[in-house]
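Have a look at the structure below, then the notes.
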Amino acid sequence: DVNQPAEVFQPQAGIRFLSLDCRGHGETRPLGDVDQVAFDTFADDVIAFMDYLESPNAIIGGISMGAGVSLNLTIRYPLRVLGLILSRPAWLDQPLPANLWIMTEVARYIRQYGASVGLEHFKQAEAYQTILLEAPDVAKSLVGQFTHPRAEETVAKLERMPQDTPFTESVQLATINVPTLILANHIDPMHPYELAETLAQLIPAAQFRELTSKSVDKPQHTQDTREFIHEFLRQFVST
């Protein structure tokens, strides 16, 4: 939603910062056709937003699912993209990757028990206990899927997005010819460091930077993200 990138990015001179709620996220109502909960649609929505603002192109970026949307948009609408920022990406070209299996489990508990009771059952699951021990901030974000006020209404996003992919073949990454920044951290089972490294290897001239894990030091994670993004954006700002 609009808040996620705003938490880790501070606008700077020469940069106009815009964000939006994807379908099923934030204040978007209603959820609409669940078949449209997909990377292609989300990227098309960003393009429609840019068209509404009469913005011919922009630096596109996102976190986690937002990174997937940004990748999809860059591959499908290359002329609309000046630069690309991928923070903690979670998808490559295979549906339902192992790192996102837990999201479908969250959806299953919500479907079976409802959000409130489902959370209590989920907290007893071995998979959750393992994540809580290894990466407490990731565990906190999973709990947030249950406590979201529209958790039951928008559960389809947790079922459908892990089964979709931002792109279908890794060779498509070689077509990306804009400056690209990729950010990742260790201790994050949903956003594997190795996955981000793979993207950095396949996208020409991509810059790769390591963040402090939120489970280690969340304020430092935020500071790292801001500093790396600000450094990256300097190349786009006239002096």
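The values are calculated or read from the model by the stated rules, or taken from the named source; none is laboratory data. These numbers were taken from a predicted model, which means no experiment stands behind them. Neighbour counts are summed over all protein chains in view; Cβ atoms, including those assigned to glycine, are modelled from backbone coordinates with ideal geometry. Ligands, DNA and RNA are excluded from the accessible area calculation, which covers all protein heavy atoms including side chains. Shrake-Rupley method; radii C 1.70, N 1.55, O 1.52, S 1.80 Å.
Tabulated results
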read-out	value
Hey, Pro204 of a type outside the set (S, T, N, Q), open to solvent by 20 Å² or more (accessible area, probe 1.4 Å) and in contact (Cβ under 8 Å) with a residue 60 or more places away in the chain or not	no
All positions within the range 1-57 that are touching a strand residue (DSSP E or B) at 6+ places or on another chain (Cβ under 6 Å) and not in a helix (DSSP H, G or I)	Asn57
Looking only at the range 94-103, and only at residues there that are of a type outside the set (Phe, Trp, Tyr) and either over 16 Å from the mean Cα position of the chain (by Cα) or surrounded by fewer than 16 Cβ atoms within 10 Å (Cβ to Cβ) (or both), the one that is farthest from Thr147 (Cα to Cα)	Gln94
Residue within the range 48-58 that is touching a Ser or Thr at 6+ places or on another chain (Cβ under 6 Å) and either at pLDDT below 95 or among the aliphatic types (A, V, I, L, M) (or both) present	no
Answer from Glu152, Glu197 - the residue that is closer than 25 Å to Phe39 by Cα and outside any helix (DSSP H, G or I)	Glu152
Residue within the range 47-55 that is within 30 Å of Ser238 (Cα to Cα) and open to solvent by less than 30 Å² (accessible area, probe 1.4 Å) present	yes
Residue list for the range 207-221, restricted to those being farther than 16 Å from Gly61 by Cα and surrounded by fewer than 19 Cβ atoms within 10 Å (Cβ to Cβ)	Glu210, Thr212, Val216, Asp217, Lys218, Pro219, Gln220
Cβ-Cβ under 9 Å pairs, at least 6 apart or on other chains, the range 222-239 side over 16 Å from Glu210 (Cβ atoms) and surrounded by 12 or more Cβ atoms within 10 Å (Cβ to Cβ), far side modelled with pLDDT of 95 or more and of a type in the set (A, V, I, L, M)	Leu233/Ile59; Leu233/Ile85; Leu233/Leu181; Phe236/Ile59; Phe236/Leu82
Restricting the range 172-189 to residues that are part of a loop (DSSP other than H, G, I, E, B) and closer than 15 Å to Asn72 by Cα, the residue that is least open to solvent (accessible area, probe 1.4 Å)	Ile176
Qualifying residue in the range 40-57 (condition: among the hydroxyl-bearing types (Ser, Thr, Tyr), touching a residue at least 12 places away in the same chain (Cβ under 8 Å) and closer than 22 Å to Asn185 by Cα)	no
Single match in Leu31, Leu84 (criterion: in contact with a Ser or Thr (Cβ under 6 Å, 6 or more places away or on another chain), closer than 26 Å to Leu199 by Cα and either open to solvent by 20 Å² or more (accessible area, probe 1.4 Å) or touching a residue at least 12 places away in the same chain (Cβ under 8 Å) (or both))	Leu84
Residue selected from the range 131-149 under the condition of a type outside the set (A, V, I, L, M, F, W, C) and in a helix (DSSP H, G or I), by the criterion most open to solvent (accessible area, probe 1.4 Å)	Lys140
Matching entry among Glu169, Glu194, Glu152, Glu126 (being open to solvent by 70 Å² or more (accessible area, probe 1.4 Å) and closer than 30 Å to His230 by Cβ)	Glu194
